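Peer 1: Got a structure here, written out as structure tokens. Questions coming.
The values are calculated or read from the model by the stated rules, or taken from the named source; none is laboratory data. None of the values given here were measured: they were computed from a predicted structure. Cβ sites come from the backbone with ideal geometry, for glycine too, and all protein chains shown count toward neighbours. Protein only, heavy atoms only, side chains kept; ligands, DNA and RNA dropped before computing areas. Shrake-Rupley method; radii C 1.70, N 1.55, O 1.52, S 1.80 Å.
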Amino acid sequence: DTPLGYVGFDDCHAFRKWSSYEIDLLRNTTDYIVSLLSRRNSERKLIRSREVLQIISDNIENVIYVSDIYTHELVFLNKTMADTLGLVADQMIGKICWKTLQRDQEGPCSFCPVPRMLEEGYGENGQTYTWEVENTVTNKWYLLNDSIVEWTDGRKVHMETATEITHQKLYEERLKHYASTDTMTGTYNREWGTRIMRDMVASAEQEKDAISVVFLDVDGLKEINDTCGHEMGDEVIIKTVDMVRSCIRKSDFMCRWGGDEFLLVLECKVENAHKVVANISSKLEQYNEASDKPYKLGFSYGITSLLDAKKESLDAVIARADKLMYEHKMGRRKTQRGR
């Protein structure tokens with residue numbers, strides 16, 4: 001119902017009356033021609049709009065790409081994105097995003113936000129999903145903003161813009177390190193250790209998981225401080241901590257609870273924790289035998305299950321481990337006096 005122009009048909013030989021069949025044929029032909037012209041004009045506008053989008057996005061420092069939410073094919077990306085990966089933008093169109101934008105993926109990325117966004121209706125409400133990730137190709141950190149929108153051809157697509165935040169991330173990690181680490185020993189400090197243990201207790205399933213907490217107290221530190229000085233005492237602490245950490249796994253951790261007191265958290269049952277501690281003690285004995293230092297490394301300990309904190313409290317569990325450590329220390333002193 002919108003006038004687009006005028007189409008005329010001329011009878012160049014003689015004037016005559018058109019039959020109803022001829023008029024219908026001409027109308028159908030006109031409708032077909034108009035549809036082709038309209039489609040051509042729409043395609044020209046579509047191409048132009050994409051060209052404008054490309055020009056604008058190519059002059060933005062942020063990474064931008066668009067992919068089909070079902071096939072994962074790349075349908076658009078800006079120059080910054082291509083340059084970041086060392087590729088040519090036109091050659092990437094039609095390629096699968098998880099094969100091109102990430103490394104060593106055997107399928108859609110496990111951290112891809114699209115399934116969650118579809119489930120939560122991001123395409124209907126126009127929300128933006130914001131998150132952070134380290135790219136496996138560039139090894140850089142990015143702050144991502146993801147949306148599900150209707151593309152120029154009518155299909156639903158995943159649009160992502162990314163801002164590199166590697167320097168900010170390193171700065172945050174440095175601040176986190178300072179906030180969480182005991183500067184002398186390199187272990188976690190008490191506040192951070194408490195936080196980690198609470199998280200472990202909250203997320204653990206007691207019937208499936210096993211986590212033990214070992215309360216360690218470095219032996220003879222007061223005597224070493226009094227006779228050899230605090231610098232030697234610090235050396236004893238640092239060396240003991242290094243020996244302990246060399247005997248545990250990356251999944252285990254240690255925190256400084258007090259001056260010469262440490263908590264060792266092991267992902268194992270209490271009986272296995274005893275074996276780990278026995279191995280550490282053996283390593284300390286070997287060091288003492290080979291060392292010419294004026295001190296001997298050693299510690300007293302108490303072990304209990306960290307997951308008892310699900311029924312009690314974390315403070316109660318640590319207090320029990322502390323009590324067991326004290327009993328172990330007193331027992332050793334009696335044994336030494338008996339000798």
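Peer 1: For labels at Leu87 and Glu51 in the simple 7 Å Cα→Cβ model, what's the distance in nm?
Peer 2: Computed distance between label sites Leu87 and Glu51 equals 2.6 nm.
Peer 1: Between Arg27, Arg198, Arg155, find the one with the highest GNM mean-square fluctuation for the chain; connect C-alpha pairs within less than 10 Å.
Peer 2: Result for the chain, Cα springs under 10 Å: Arg27 fluctuates most.
Peer 1: Heads up, I need the accessible area for Lys169: 1.4 angstrom probe, whole protein in place, Å², nearest 10.
Peer 2: 30 Å²
Peer 1: In a GNM of the chain with a 10 Å cut-off on Cα contacts, which of Ala202, Ala319, Ala290 has the highest mean-square fluctuation?
Peer 2: Highest fluctuation of the listed residues: Ala290.
Peer 1: How large is the accessible surface of Asp234 in square angstrom, using a 1.4 angstrom probe and rounding to the nearest 10?
Peer 2: 60 Å²
Peer 1: Per residue, how much accessible area does the chain have with a 1.4 Å probe, in Å²?
Peer 2: Working: 21440 Å² over 339 residues.
Ligands and nucleic acids excluded, the result is 63 Å² per residue.
Peer 1: Now a separate question. Once every DSSP H run of n ≥ 4 in the chain is given -39500 (n - 2.57) and the sum is divided by its residues, what mean residue ellipticity at 222 nm do you get, rounded to the nearest 500 deg cm²/dmol? Don't skip to the answer; put the middle values down first.
Peer 2: Details: 12 runs with 163 residues, N = 339.
It lands at -15500 deg cm²/dmol.
Peer 1: Here's another thing I want to ask about it. What does the extension gain come out to for Ile196 and Lys329, with contour length at 0.36 nm per residue minus their alpha carbon separation? Show your work: numbers first, answer last.
Peer 2: On the way: separation 133, 0.36 × 133 = 47.88 nm, distance 2.73 nm.
Gain in length upon complete extension: 45.2 nm.
Peer 1: If you don't mind, another one. Lysines within cross-link reach of Lys79: Cα-Cα under 23 Å, excluding same-chain residues under 8 positions apart?
Peer 2: Lys45, Lys95, Lys99, Lys140, Lys156
Peer 1: Any idea which of Ile47, Leu297, Leu144 is furthest toward the positive side of the dipole for the chain, if Lys and Arg beta-carbons carry +1 and Asp and Glu beta-carbons -1?
Peer 2: Checking the options against the dipole of the chain, the answer is Leu297.
Peer 1: Of Leu4, Met325, Gly154, which is farthest along the charge dipole of the chain in the positive direction, counting Lys and Arg as +1 and Asp and Glu as -1 at C-beta?
Peer 2: The Cα lying farthest towards the positive end belongs to Met325.
Peer 1: Might you work out the accessible area of Arg190 for me, using a 1.4 Å probe with all protein chains in place, and round it to the nearest 10 Å²?
Peer 2: The value for Arg190 is about 120 Å².
Peer 1: What's the percent breakdown of Cα-Cα distances in the chain across 20 Å bins, shortest bin first?
Peer 2: Values per bin, smallest distances first: 21, 30, 26, 13, 6, 3, 0.
Peer 1: Oh, and also: Out of all Cα-Cα pairs in segment 197-339, roughly what percent, to the nearest whole number, are more than 28 Å apart?
Peer 2: For segment 197-339, the share of Cα pairs beyond 28 Å comes to 20 percent.
Peer 1: Can you give me the Cα centroid spacing of segment 115-178 and segment 58-85 in angstrom?
Peer 2: 13 Å
Peer 1: So, one more: Can you give the charge dipole size of the chain about its Cα centre, rounded to the nearest 20 debye, using +1 on the beta carbon of Lys and Arg and -1 on the beta carbon of Asp and Glu? Could you put the intermediate results ahead of the total?
Peer 2: Details: 45 positive and 55 negative charges, 177 e Å.
Once rounded to the nearest 20, the dipole reads 840 debye.
Peer 1: Just Thr163, Thr187, Thr152 to compare: in a GNM of the chain, with alpha carbon springs under 10 Å, which one fluctuates most?
Peer 2: Thr152
Peer 1: Mind ranking Ser300, Ser110 by accessible surface for me, highest first, 1.4 Å probe? It would help to have the intermediate numbers written out before the result.
Peer 2: Numbers: Ser300 0, Ser110 115 Å².
Descending order: Ser110, Ser300.
Peer 1: Could you pull out every one of the aspartates and glutamates with an alpha carbon less than 19 Å from that of Lys208, ignoring same-chain neighbours closer than 8 positions?
Peer 2: Those aspartates and glutamates meeting the cut-off are Asp199, Asp252, Glu267, Glu271, Asp308, Glu312.
Peer 1: Using the Cα centre of segment 160-253 as the reference point, and only Cβ charges (+1 on K/R, -1 on D/E), how large is the resulting charge dipole? Debye, rounded to the nearest 20. It would help to have the intermediate numbers written out before the result.
Peer 2: Numbers: 12 positive and 19 negative charges, 40 e Å.
Roughly 200 debye for segment 160-253.
Peer 1: Using only Cα atoms, find the angle between the long axis of helix 230-245 and the longest principal axis of the chain, and express it within 0 to 90 degrees, rounded to the nearest 10.
Peer 2: Between helix and principal axis, roughly 60 degrees.
Peer 1: With every atom except the alpha carbons ignored, what do you get for Rg and Dmax of segment 75-159, in angstroms?
Peer 2: 13.4, 35
Peer 1: If the only charges are +1 at each Lys and Arg Cβ and -1 at each Asp and Glu Cβ, what is the size of the charge dipole of segment 250-339 around the Cα centre, to the nearest 20 debye? Display every interim value, and only then the final one.
Peer 2: Details: 17 positive and 13 negative charges, 73 e Å.
The calculation lands at about 360 debye.
Peer 1: Mean projection of the alpha-carbon convex hull of segment 34-191 over all orientations, in nm²? Present the calculation step by step, with values, prior to reporting the outcome.
Peer 2: On the way: hull surface 51.9 nm².
Convex hull of Cα atoms, orientation-averaged projection: 13.0 nm².
Peer 1: Okay, next question. Just going by the charge dipole of the chain, with Lys and Arg at +1 and Asp and Glu at -1 on Cβ, which of His72, Gly259, Met117 is farthest out on the positive end?
Peer 2: Positive-end residue among those listed: Gly259.
Peer 1: Can you give the Rg to Rh ratio of segment 111-254, both from alpha-carbon atoms, with Rh computed by the Kirkwood formula?
Peer 2: A ratio of 1.18.
Peer 1: Which FRET efficiency value, to the nearest 0.05, do you get for Asp234 and Lys310 by plugging their Cβ-Cβ distance into 1/(1 + (r/R0)^6) with R0 = 35 Å? Write out the running numbers ahead of the final one.
Peer 2: Working: r = 37 Å, r/R0 = 1.05.
E between Asp234 and Lys310, to the nearest 0.05, is 0.40.
Peer 1: Share of the chain's accessible area from carbon and sulfur, percent, 1.4 Å? Mind dumping the intermediate values first?
Peer 2: Numbers: 10830 of 21440 Å².
With neighbouring chains kept in place, the figure for the chain is 50 percent.
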